[in-house]
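I have placed the structure first, in the form of structure tokens, so that the comments after it can refer back to it.
The values are calculated or read from the model by the stated rules, or taken from the named source; none is laboratory data. Quick caveat: nothing in here was measured; it's all calculated off a predicted structure. Backbone-built Cβ (ideal geometry, glycine too); neighbour counts: all protein chains shown.
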Amino acid sequence: MTRIEVESSIWKSARHRAAHEVHDLRLNYASLKVMAGLKPYEVSRSMGHVKVSTTDGIFARLYPVDYDDQIVRNENVVGSS
């Protein structure tokens, strides 16, 4: 390998690592927002996603779920025995 090829290979590797680090930072940023209780729409907009479904697909597992509230609302609609 020539010196230029070696330098090119090193530069390409560094760019690849840097891109992964930026991506990881974005994921951490959004994850913290979701876990802090921000609404999916708010997280979506702050991440620059065009569709909320993009954010949902990536971070849905992190959204807090309150099933007790859903059960109460369902019982109010259908009635309880």
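A few remarks follow.
- Residue match in the range 38-47 (condition: assigned to a loop (DSSP other than H, G, I, E, B) and either at pLDDT 85 or above or of a type outside the set (A, V, I, L, M, F, W, C) (or both)): yes
- Sole residue being touching a Phe, Trp or Tyr at 6+ places or on another chain (Cβ under 6 Å) and either of a type in the set (A, V, I, L, M) or assigned to a helix (DSSP H, G or I) (or both), chosen from Val50, Val34, Val72: Val34
- When each of Leu62, Leu25 is tested for being under 10 Å from the mean Cα position of the chain (by Cα), surrounded by 10 or more Cβ atoms within 10 Å (Cβ to Cβ) and not polar (S, T, N, Q), the lone residue that passes is Leu62.
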